[in-house]
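One structure below.
Just so it is clear, none of the values below were taken in a lab; they were calculated from the coordinates. Quick caveat, the model's predicted, so the values are computed rather than measured. Here Cβ is always computed from backbone atoms with ideal geometry, including for glycine, and neighbour counts include all displayed protein chains.
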Amino acid sequence: MATTTTTPAARTSAAPAEDRGRPSWGTLLVLLTGIFITTLDFFIVNVAIPATQADLGASDAAIQWVVAGYGLALAALLITGGRLGDMAGRRRMFMVGMGLFTLASAACGLAGNPEVLIAARAAQGAAAALLMPQVLGIVNTVYTGEHRARAFMAYGLTIGFAGVFGQLIGGGLIEVDLFGLDWRSIYWINVPVGIAAMLLAPRLVPESRGTAGTRLDFAGVVLVTAAMVAVVLPLVQGREQGWPLWTWLSLAAAPLLLAVFARHQRRLGAAAGKAPLIDLVLFRERSFSAGLGVMLAYQLAMASFFLVLALYLQMGHHMTALESGLLFVALGAGYFVGAAQAEKIAARLGRQVLTLGAVLTAAGFAVLAETVAAIGVTGSVGWLIPGLVLSGYGMGVALAPMSAIVLAGVTSRHAASAAGVLTTAQQVGNALGVALIGIVFYEALGGGAVPNDYAHAMTWALIPLAGACLATALIVQLLPKPDPAADTAEDAAPMHAGL
């Protein structure tokens, strides 16, 4: 799973003061459509992986790239997407992002080989990075008071719904096999939705811009993207290629690229009229540095868990995409209950609500590991439900308040930048998790007593997944206790977490 937040844009006026705050729910519907399909496409792909791999003859590494490539492109361009909305107009960039996302979805549906599909998935992620940051910026502009609170609630529910039911929606589309499209239908469904949103946006969504003086740091984008690719590429490709020299050189280059990036950001930050991609002053705030570690560690387990669970169910138990999607509902049910109770738990435990959620998630993974080891690939998958519900509940308890707790200790002048970096960290964690857990899963798949023993692979994959959650619980202890008198990020747009 992944949480999704966007950079809070500056609150600017797109309408006369007397019209602001009026509940223009048509506007919200268009905006939420964009958030829904971009979030959905991160999760819906998991249940289509086995069919995609069989149809295209894709390697295990290629399949990992289909998932990780989306998150990597999204992570690299999210902050830049927000800046472009501030400069060129948020509605305009929303429509550009939607248009490119629609075209990239069609390219995914037409892909005849793994390479084209991976490229199209990366294009989807890049388009989503242009679209997603505009939504909260526009909501901040259009709504005020209780209408804004309701809009944010709808935003959070939309993300949660897309994540929880993404597997089920994907399974249903593949099962129906509309026009004989099979797995391709999960991409083609975006085309009519995207076209409808683009037609309605000029009529229903007001234009707005951010503060003047925003600049784009293209060099920063290139450097940080190169650093991320230098890590993920060898982790995904290395196992299949026997870890050749280039994989180690690439991994060694990553910290050097990050050092160059940091120096570049520091230089821009010190220059008048320059806007660095990331304000390094943020990392002087302990709450943010520790919070970033919390987010990265927890996200390592989310997207990768969805991927290996789908592979175990469909390749190991030979379940259909719809059948495996239905089983994911147990996870979603636990998530929604946990998310609904998270606020009350947080009121009592403070930041330790994240510890509780992470430990419960790890416990759920431990229960699943024991269950998978017991039922193998022939026993009833119904025995997985308790572990799935417990894992989902822990995810809800941890993810629902995570962004707000991490950002609560950030001073208001750094709130927008912090939210953008936090969102980027979420996507980086997802991509890294897919790469790292993929190594464990596929090594165990070929290294067990029985070749292609998916139960053995799933059991081994669940161990580092639980470890990532326990590491999260430990990092939470580094978060400072909240200071009620401190200047916090209360003026930022509320951050709603989703799956």
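Could you work out the relative contact order of the stretch 50-120? I mean the mean sequence separation of Cα pairs under 8 Å and 6+ apart, divided by the number of residues, in percent. Walk me through the numbers on the way to the answer.
Working: 34 pairs, mean separation 29.1, N = 71.
Relative contact order, the stretch 50-120: 41 percent.
Taking the inverse of the average 1/r across all pairs of different Cα atoms in the chain, what Kirkwood radius in Å do you get? Across the chain, the inverse of the average 1/r is 22.7 Å. Taking a Cβ cut-off of under 12 Å around residue 183, the surrounding Lys, Arg, Asp and Glu residues balance to a net charge of -3, with basic ones at +1 and acidic ones at -1.
For the chain, relative contact order (Cα pairs under 8 Å, six or more residues apart, normalised by length) works out to 25 percent. Counting trypsin sites (Lys or Arg not before Pro) as exposed when in a DSSP loop with at most 14 other beta carbons within 10 Å, what is the longest stretch of the chain free of them? Counting only loop sites that pass the neighbour cut-off, the longest clear stretch is 275-499.
Taking GluC sites (Glu not before Pro) as exposed when their DSSP state is a loop state and no more than 12 other Cβ atoms lie within 10 Å, the longest site-free interval of the chain runs over 19-489. With one equal scatterer per alpha carbon and no solvent term, the Debye-computed log10 I(q)/I(0) for the stretch 114-270 at 0.11, 0.14, 0.20 1/Å reads -0.77, -1.11, -1.28. For residue 172, the shell of other residues with beta-carbons less than 15 Å away shows a net charge of -3, using +1 for Lys and Arg and -1 for Asp and Glu. Each part reduced to its alpha carbon centroid, the stretch 207-258 and the stretch 299-344 end up 29 Å apart.
Cα centroid separation, the stretch 371-430 to the stretch 84-128: 26 Å. Around the amide H of residue 189, modelled in the peptide plane, lies no amide H under 5 Å away from a residue 5 or more places distant or on another chain. The Cβ shell under 15 Å around residue 91 holds other residues with a net charge of +2, Lys and Arg each +1, Asp and Glu each -1. Over the residues of the chain, the helix contribution to mean residue ellipticity at 222 nm works out to -26000 deg cm²/dmol, using -39500 (n - 2.57) for each DSSP H run of at least 4. The calculated Kirkwood hydrodynamic radius for the stretch 322-405 is 13.0 Å, given to one decimal from all distinct C-alpha pairs.
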